[in-house]
Amino acid sequence: MDEDDPSAGEYLGFSNCEVIVKPGMQGRLVQWLNTLAVPAANDYSFLGHIGDDNLPRTVGWDVKIMESLERQGKVGFAFGDDLDPGRPPGTLSIHIFMTSNVVRRPGYMGPPAIQHMYVD
């Protein structure tokens with residue numbers, strides 16, 4: 001999260017997640033995502049990204065995501081329903097979770113050519 005995020009207290013209450021604070025808004029979203037995700041891929045089985053304009057409402061959402069990734073086996077992706085009324089569920093996620101080997105193999109979580117939109 002950004003160090004000046006007004007919703008910081010809400011993020012810190014998530015279970016089974018490490019919240020990392022990045023200073024200021026220097027750099028692009030994908031640049032920061034990759035800076036944090038690549039080394040984390042060696043320490044965690046799963047990685048995910050949720051933008052600061054999203055806040056999970058489902059109790060146990062994190063466990064459901066991890067269970068989905070575990071069921072998929074070696075390589076997996078998962079995302080929830082963002083409840084956007086403008087599109088059918090499952091057609092475009094605005095957050096993504098994956099097995100860490102998906103990040104280790106290419107050396108990034110988000111394609112570096114993408115700066116912000118559609119990285120998930």
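The values are calculated or read from the model by the stated rules, or taken from the named source; none is laboratory data. Small disclaimer: the values here were computed from a predicted structure and weren't measured. With ideal geometry, Cβ positions are generated from the backbone for all residues, glycine too; neighbour counts draw on all protein chains shown. Accessible surface areas use protein heavy atoms only, side chains included; no ligands, DNA or RNA. Shrake-Rupley method; radii C 1.70, N 1.55, O 1.52, S 1.80 Å.
Structural remarks
- Were the residues from residue 116 through residue 2 laid out at 0.36 nm apart, the gain over their Cα-Cα distance would be 39.5 nm.
- Whether the chain is rounded, prolate or oblate, judged on the alpha carbon gyration tensor where a/c under 1.5 counts as rounded: rounded
- Summed over qualifying helices (DSSP H, 4 residues or more, each -39500 (n - 2.57)) and divided by its residue number, the chain shows a 222 nm mean residue ellipticity of -7000 deg cm²/dmol.
- Highest-MSF residue in the chain out of 58, 99, 35 [GNM, Cα springs under 10 Å]: 58
- DSSP beta bridges in the chain [antiparallel fraction, %, rounded to 5]: 90
- Close amide H partners of residue 46, meaning residues 5 or more places away or on another chain with modelled amide H under 5 Å apart, are 100.
- Carbon + sulfur, % of accessible area of the chain - ligands and nucleic acids excluded, 1.4 Å: 55
- Between residue 64 and residue 20, the distance separating the two model label sites (each 7 Å from Cα on the Cα→Cβ line) works out to 2.6 nm.
- Built amide H within the under 5 Å cut-off of residue 96, gap 5+: 49
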